[in-house]
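The values are calculated or read from the model by the stated rules, or taken from the named source; none is laboratory data. These numbers come from a predicted model, not from an experiment. Please note: Cβ atoms are built from the backbone with ideal geometry, for glycine as well, and neighbour counts cover all protein chains shown.
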Amino acid sequence: MRLSGFAFAGANLTITETDEKMPAKDVEIISKEAQETKDKLKAVLARRYNPEQRLLDLSALGADDILSTMGTFDSQTLAEKAFKALVHLASQQYKSSEEKKDAIQAVSLARNDINDVGQVIQLAFSLPDIKRLDVSGNKLNTTNKLAKWQHRFKHLNELHLTGNPVTTQPNYVTDMLQWFPCLQNLDGQQVRTPEEVAASLKALEPTPIAQWPSNLRDGENNVAATFLQSFFSAFDTDRERLVAELYDSDSWFSLSVIPNSGRALAWKNYLKYSRNIQKMGPRNLANTQRLFTNGSVIKQLWKALPATSHPTDDPSRWLVDCHTFPHLADPSGAGSAMGLMINVHGQFEENDPSANLFGTRTFTRTFILGPSKPVPPPPHPYRVLSDQLTLFNWTPAPEPTPAQQVPTQQDSTPSIVPEPVMAAPVTTITDAMKMQLIEELSKRTGMTAEYSELCLSGAANWNFDIALQSFEQQKANLPPMAFVAVP
């Protein structure tokens, strides 16, 4: 009460006492003017929704009489805010995401003078599961103006962009196919069969890599994912081909055996190649000799190692970390190049009848990938510069023990019961809250909305402070495309 009359944020506070009850938490309190605006926007949505086609028709909004009388198009900023409010209201009409997904399957944004999808980015957050999208008759002139929708609408199977200059770009169809894995119909033409869509979705499955850390830096085109998805399958079935495709005269391979305590398999097939300095000493001559250089040497060594079977169909058995690795020598002689360092931790089954070896080992493997040499023409854009494999005994997880033991009358030793830990309250993050967090992080960091969302939705779990701290730690490793271009 003592604060009544104080100035705050340019206005005087008025604080009075009241006997009215506090409203329930789920009751939205808005002003009369805001409620009138909301009602008008709902009226616009009501007459633009076609339940038979499950279509939300937001085409030619500039010609809508209700929006025009509201002054929605007096400025670009007001128009974008109105669109954001319309799409948000549309998404809030349903009790669950499944109900919304079923009710709105198509959206039209035709003839709205859109020259960058950043102006209508809210659609990707509020209605991410739409199957048909019409953006024809706008002013999108390059794929860069569409890039903010990249990988957004994962269920989109029909897209119309006719009447936009972007359709004349040479990479137009290729980019659309890459960005939207379910896309079958582009501008009225079939660009994928249902079978090709199934294959496209299959290629996106994270096998064997699933448990990525929050600070993953996979470079462009998902190089690490593509590499790992094929490497271990080939290592189990065709090591000779694997060496021929990815290892050359400058590639290194080393093996270290760590026979830790636990269930032990014989190590004799590995020990003569191991560089474990605990056993050999850091300056031992054999330590240097066991750093294998050249693909032909590595191929002969791999022939001598036992047969393996990695669980590439079980992502839960893999942990992967990946970082950009700068300042590698460019094999084309054009200065330095960027590479990737990939750390993999997992397990494999050893299955070698000739050596009578059957069992499980765990391993850590570190790869450094760099660009391929231009001559002869390489099968992949990258090669393995360094491959370090460390092997351990596999120890099964111990059986769970009871958290507490209740003493009997004959047991004079009191049990120690830990204090209960209060669980942190779970806060539901709505689409609107996510958008606010993304906008604020983008404003604070200069990142694009897409990268801001990635930063927030990873290990930060929509905790703004953690996301901001993660950005400060990793901003030096971010590519230029992660930041909003300065005009």
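For the stretch 230-257, filtering for residues that are outside any helix (DSSP H, G or I) and either modelled with pLDDT under 80 or surrounded by fewer than 16 Cβ atoms within 10 Å (Cβ to Cβ) (or both) leaves 2.
When GLY118 is tested against (1) modelled with pLDDT of 85 or more; (2) part of a helix (DSSP H, G or I), exactly one condition is not met: (1).
If you check PRO377, PRO331 for being farther than 25 Å from ALA304 by Cβ, touching a Pro at 6+ places or on another chain (Cβ under 8 Å) and either at pLDDT 80 or above or not in a strand (DSSP E or B) (or both), only one passes: PRO331.
Within the stretch 89-127, restricting attention to residues that are buried (at least 16 other Cβ atoms within 10 Å of the Cβ) and of a type in the set (S, T, N, Q), which residue is nearest to LEU41 (Cα to Cα)? In this case the residue turns out to be SER91.
The residues of the stretch 173-229 that are among the acidic types (Asp, Glu), modelled with pLDDT under 65 and under 21 Å from ALA147 (Cα atoms), listed by number, are ASP218, GLU220. Filtering the stretch 149-191 to residues that are closer than 20 Å to LEU56 by Cβ and outside any loop (DSSP other than H, G, I, E, B) leaves TRP149, GLU158, LEU159, HIS160, ASN185. Among the residues examined, ILE15 qualifies as over 30 Å from LEU109 (Cα atoms), assigned to a loop (DSSP other than H, G, I, E, B) and modelled with pLDDT of 85 or more. Confirm whether LYS139 is assigned to a helix (DSSP H, G or I) and over 21 Å from VAL197 (Cα atoms). When the stated conditions are applied, LYS139 does not pass them. Here GLN105 fits the description: outside the structural domain of LEU456 (by TED's automatic domain parsing) and either of a type in the set (Val, Ile, Thr) or closer than 24 Å to THR162 by Cβ (or both). Can you find even one residue in the stretch 76-83 that is assigned by TED's automatic domain parsing to the domain that holds PHE125, loosely packed, with under 13 Cβ neighbours inside 10 Å, more than 25 Å from THR430 (Cα to Cα) and not acidic (Asp, Glu)? Yes: the stretch 76-83 contains one or more residues that are assigned by TED's automatic domain parsing to the domain that holds PHE125, loosely packed, with under 13 Cβ neighbours inside 10 Å, more than 25 Å from THR430 (Cα to Cα) and not acidic (Asp, Glu). Pairs are defined by a Cβ separation below 6 Å, a sequence spacing of at least 6 or placement on different chains, a first member in the stretch 422-439 that is within 14 Å of ASN463 (Cβ to Cβ), and a second member that is at pLDDT 50 or above and surrounded by 12 or more Cβ atoms within 10 Å (Cβ to Cβ); the pairs so defined are ILE429/TRP462; LEU437/LEU456; LEU437/PHE464; ILE438/ALA449; ILE438/SER452; ILE438/GLU453.
For the structure I just gave you, tell me whether LEU109 is more than 23 Å from the chain's Cα centre (by Cα) and within 19 Å of ARG48 (Cα to Cα). Working first, answer last.
Details: more than 23 Å from the chain's Cα centre (by Cα): yes; within 19 Å of ARG48 (Cα to Cα): yes.
Yes.
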